[in-house]
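J.: My structure is below; once you've seen it, I'll send some questions.
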Amino acid sequence: MDRDELAAWLRLIETPQVGRESARKLLAAFGSPQAVLAAPIAARKEVVSATAATVLAQEPDAVAALVDTTVSWLATATDDAPRQVLTLGDPSYPSLLLETADPPLLLYLQGNASLLHAQSVAVVGSRNPTPQGRENARAFSAHLSQAGLTIVSGLALGIDGAAHEGGLSGAGRTIAVIGTGLDRVYPRRHLELAHRISAEGLMLSEYSLGTPPLPPNFPMRNRIIAGLTRGTLVVEAALQSGSLITARLASEAGRDVFAIPGSIHSPQSRGCHALIKQGAKLVETGQDVLEELPSFRPPSPDSAKPPPDEESNDPLLQALGFDPVTLDALVARTGWPAALLNTRLLELEMEGQVARLPGQLFQRVSTG
């Protein structure tokens with residue numbers, strides 16, 4: 001894309017009071033951003049509102065500066081993390097996303113753009129997961145990536161971050177769809193992870209360079225996460241979680257929705273249980289997801305065997321079960337004194353088999 005074409009796209013998209021819907025109508029009517037801008041105001045008024053038709057007659061100062069910034073950003077890409085701006089009409093635009101109700105008009109890319117055309121699954125969930133939820137996100141994503149699926153998520157804290165880490169461990173790699181410009185990383189805690197994804201996977205945004213982490217952007221980016229993928233796996237989610245928005249959008253687009261069940265006592269499981277009641281597929285292993293995707297050959301049976309700690313004969317692990325539990329409850333279940341329990345729980349915590357939760361609760365962690 002040359003500078004003039006880029007400038008026309010940015011002017012169409014970034015001019016205030018135009019909006020995505022009006023921009024899409026104008027493109028459908030005139031064929032290209034350049035043709036839209038060259039058309040008389042009267043002609044544009046036949047397609048969109050008088051306000052939208054009129055404001056396009058004058059380029060905002062901010063758009064001219066944004067063109068310079070974007071051209072400079074593209075020019076300073078490295079071989080390890082190539083950069084690209086992909087338009088809605090480009091032959092390389094991902095076909096699954098193009099089928100959705102509101103595909104982005106521009107996509108900013110940094111990394112391996114070929115992943116846009118890979119078979120992929122979204123893995124999403126709570127920003128404040130339980131230790132087991134975080135481990136499930138990592139393990140499921142690793143299993144699916146090793147089978148060849150690209151893992152798509154939103155770079156948020158919690159489940160998203162664990163999903164990206166799991167995705168990077170396999171051949172499928174990962175795509176991070178973010179709610180800021182690609183020249184920013186949010187949250188900052190994921191700066192190193194974002195750099196790794198740029199080098200080994202793909203960073204993607206519909207937002208122009210310099211866009212800060214505005215709250216409305218994150219629900220909007222969820223439609224891209226759902227639209228890029230063949231299905232969405234929700235690992236943990238409260239009833240008001242943004243992950244349920246992603247699941248709803250996936251369902252509306254005719255894609256599969258998967259959910260991992262959890263404890264009936266955990267608020268972070270209620271969103272998944274609600275999805276299952278609504279028809280989402282209950283999954284217990286990555287293999288369950290793969291079996292819903294017939295183009296994938298199931299991995300060997302060994303890859304789906306139960307995690308080692310599920311086979312453990314340790315009496316304390318058996319007493320813990322998989323729900324959060326208090327020390328008093330463990331005393332009642334085992335008959336052990338509290339001092340001995342505390343010592344053994346600390347040993348299991350150091351081994352990564354038990355997590356200590358807020359409220360003096362303990363939870364067994366599966367690491368399969």
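The values are calculated or read from the model by the stated rules, or taken from the named source; none is laboratory data. These numbers come from a predicted model, not from an experiment. When we count neighbours, we look across all protein chains shown, and the Cβ atoms used for this are built from the backbone with ideal geometry, even at glycine. Side chains included, ligands, DNA and RNA excluded: accessible areas come from the protein's heavy atoms. Shrake-Rupley method; radii C 1.70, N 1.55, O 1.52, S 1.80 Å.
J.: For the range 148-160, name all the residues that are small (Gly, Ala, Ser) and touching a Lys or Arg at 6+ places or on another chain (Cβ under 8 Å).
T.: Gly154, Ala156, Gly158
J.: Right, something else. When you scan the range 70-77, do you find a residue that is farther than 18 Å from Gly201 by Cβ, open to solvent by less than 30 Å² (accessible area, probe 1.4 Å) and β-branched (Val, Ile, Thr), even just one?
T.: Yes, because at least one residue in the range 70-77 is farther than 18 Å from Gly201 by Cβ, open to solvent by less than 30 Å² (accessible area, probe 1.4 Å) and β-branched (Val, Ile, Thr).
J.: In the list Leu209, Leu157, which residue meets the criterion of being open to solvent by 10 Å² or more (accessible area, probe 1.4 Å), in a loop (DSSP other than H, G, I, E, B), at pLDDT 95 or above and under 19 Å from Arg20 (Cβ atoms)?
T.: None of the other options fit; the residue is Leu209.
J.: Given (1) in contact (Cβ under 8 Å) with a residue 24 or more places away in the chain; (2) open to solvent by 20 Å² or more (accessible area, probe 1.4 Å); (3) closer than 26 Å to Leu357 by Cα, identify the lone condition not met by Cys272.
T.: Just one mismatch for Cys272, condition (2).
J.: Check Val47, Val71 and return the single one that is assigned to a helix (DSSP H, G or I) and within 35 Å of the chain's Cα centre (by Cα).
T.: Val71
J.: So which residues in the range 241-258 are closer than 17 Å to Asn128 by Cβ and small (Gly, Ala, Ser), if there are any at all?
T.: Within the range 241-258, Ser241, Gly242, Ser243 qualify.
J.: Related question: Answer with yes or no whether Gln84 is open to solvent by 50 Å² or more (accessible area, probe 1.4 Å), at pLDDT 95 or above and part of a strand (DSSP E or B).
T.: So Gln84 passes the test.
J.: If you go through the range 170-178 one residue at a time, do you hit one that is over 17 Å from Ile225 (Cα atoms), open to solvent by less than 30 Å² (accessible area, probe 1.4 Å) and not β-branched (Val, Ile, Thr)?
T.: yes
J.: Exactly one of (1) in contact (Cβ under 8 Å) with a residue 60 or more places away in the chain; (2) crowded, with 21+ Cβ neighbours inside 10 Å; (3) in contact with a Leu (Cβ under 8 Å, 6 or more places away or on another chain) is unmet by Asp183. Its number?
T.: (2)
J.: Just need a number here: residues in the range 16-28 that are open to solvent by less than 60 Å² (accessible area, probe 1.4 Å) and assigned to a helix (DSSP H, G or I).
T.: Of the residues in that region, 5 qualify.
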